[in-house]
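J.: What follows is a structure written as structure tokens; I'll ask about it next.
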Amino acid sequence: MLIKERKKMMKENKKKEKNKKEKKKRRRRRRRKRKKKKKKKKKKKKKKKKKNKKRRRTRTRRRTRKKKQEEEKKKEKEDKTTHNTTVAAVIGSARQPSDKLILNELKFIKRSSEASLEVSRAFTIEELDSAIMALPSGKAAGMDGIFPEFLKYTGPKVRKWLCSFFNEILASGELPALFRKSKIIAVLKPGKDPKSVKSYRPIALLSVCYKLLERLLYNRLCPILNAGIPIEQAGFRPGRNCCDQVLALTAYIENGFQKTRKTSAAFIDLSSAYDTVWRKGLLIKLYRLVPCKSMLRLVNAMLSNRQIKVFMDKKESSFRTLRDGLPQAQYWLLSFSMFTLLICQQQSPEDSYMRMTLPWPHSMRI
């Protein structure tokens, strides 16, 4: 009996141990499942967080992009407005007026203008001699094939004929057809692509007699044009150079340092400035300064109906008329002075801050 009881006890103990082991295994499995579930949940949460972060980043990026685009648009609008205001300040009007108003004003100025004796008087031989001596030698000929040296070595009879010829042009206000034609030679810039049009520099060759007439007109109009240009402008003016502007700028900066003020400078580069000059506005400014019919009729004839022919690699194009702009030959002085007149506004001494604070360079010369 005892042996049987012991065997039963042993079996029961074994069952209990098995049950305990199974319970432990079940607990471990449950723990593992719980841990796996927790890990999965954590992974899901992390993924969600990452997705949310990505979404937030994309949203913030989109918002920043939109803000940047809006800011860029605002800046472009502001730049356009500032550009328009600067152009308005330089030229004198924000928008180009209609042609009817300009033509009416031109007609009124032409009617009210009178023939001034100082400007419209006949050219003298002394003026012609000084203009011929001022012609630069060693320059190429224009469409007429005449070189400047030919006019320099002419005698008194030829110069008398030239003087009477130019006086007839001044009285009538009409130019010969050859004077309005010019050669354009395309020269390749160093280190540029020969296939692109922008890599060529056009050089205009005008008639030498036309240059001589232009020199005579320039000698007449130069003092009047300089009187209409403010002191601050030093470009293409006799007795002025870049050193004046550098001296004025450095003096202005030093004055700002002394008074603890911020100094600012605006450098403007006008692309194709001479080619896009508004002729009617320029003529109005000229008529206001020089109320002389004969002189201004001649200047208008010199600016209008100009023709060019391009020469390149032993080939030439047909003649084409230019509607806008000023001639940019190597020796066309009136275009430079007219352009400075167009971009400048006459200022009173009270309007210019630089005149109030500093003496201008031409008065500081030793």
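J.: Report Rg/Rh for the range 133-216, rounded to two decimals, where Rg is the Cα radius of gyration and Rh the Kirkwood radius.
T.: 1.10
J.: Using a 7 Å offset from the Cα along the Cα-to-Cβ direction at both Arg55 and Arg201, what is the distance between the two label points in nm, to one decimal?
T.: My value for the distance between the label points is 6.3 nm.
J.: Then there is this: May I ask you to compute the full-extension gain from Cys222 to Met312, defined as 0.36 nm times their residue separation minus their alpha-carbon distance, rounded to one decimal in nm?
T.: 28.9 nm
J.: If the cut-off is a Cα-Cα distance under 26 Å, which lysines reach Lys157, setting aside same-chain residues fewer than 8 apart in sequence?
T.: Qualifying lysines at Cα under 26 Å: Lys139, Lys211.
J.: Using a Förster radius of 25 Å, what is the FRET efficiency between Glu126 and Ala301 based on their Cβ-Cβ separation? Nearest 0.05, please.
T.: E between Glu126 and Ala301, to the nearest 0.05, is 0.50.
J.: Under 11 Å from the Cβ of Gly228, count the other residues' Cβ atoms, weight Lys and Arg +1, Asp and Glu -1, and hand me the total.
T.: +2
J.: Given the C-alpha centroids of the range 39-59 and the range 1-24, what is the distance between them in whole angstrom?
T.: The range 39-59 and the range 1-24 have Cα centres separated by 53 Å.
J.: Which pairs in the list Lys11/Lys36; Lys47/Lys74; Lys280/Lys309; Lys198/Lys280; Lys192/Lys315; Lys181/Lys280 are over 31 Å apart, alpha-carbon to alpha-carbon?
T.: In this structure, Lys11/Lys36; Lys47/Lys74 lie more than 31 Å apart at Cα.
J.: Could I ask something else about it? Obtain the nm distance between the two label points defined at Asp269 and Arg288 by a simple spin-label model: each point lies 7 Å from its Cα along the Cα-to-C-beta direction.
T.: Modelled inter-label distance: 3.1 nm.
J.: Using a/c under 1.5 as the rounded threshold, could you call the range 1-68 rounded, prolate or oblate? The axes a ≥ b ≥ c are square roots of the C-alpha gyration tensor eigenvalues, and prolate needs a/b larger than b/c, oblate otherwise.
T.: prolate
J.: A follow-up question, please. Under the rule a/c < 1.5 gives rounded, and otherwise a/b versus b/c splits prolate from oblate, where does the range 233-309 land using the Cα gyration tensor?
T.: Judged from the Cα gyration tensor, the range 233-309 comes out prolate (a/c at least 1.5, a/b above b/c).
J.: Ok, one more. Rounded, prolate or oblate: which fits the range 190-330, taking a ≥ b ≥ c as square roots of the Cα gyration tensor eigenvalues, rounded meaning a/c under 1.5, else prolate when a/b beats b/c?
T.: oblate
J.: Which of the peptides 213-221, 123-131 is most tightly packed, and how do the rest follow, judged by the mean count of other Cβ atoms within 10 Å per residue?
T.: The most tightly packed comes first, giving 213-221, 123-131.
J.: Moving on to the next point. Quick check: Cα centre of the range 204-225 to Cα centre of the range 115-160, how many Å?
T.: The range 204-225 and the range 115-160 have Cα centres separated by 10 Å.
Quick note: the coordinates plus some simple rules give every number you see, no bench work behind them. Note that the structure is a prediction, hence the values are computed from the model and not measured. Methodologically, a virtual Cβ is constructed for each residue, glycine included, from the backbone with ideal geometry; neighbour enumeration extends over all protein chains shown.
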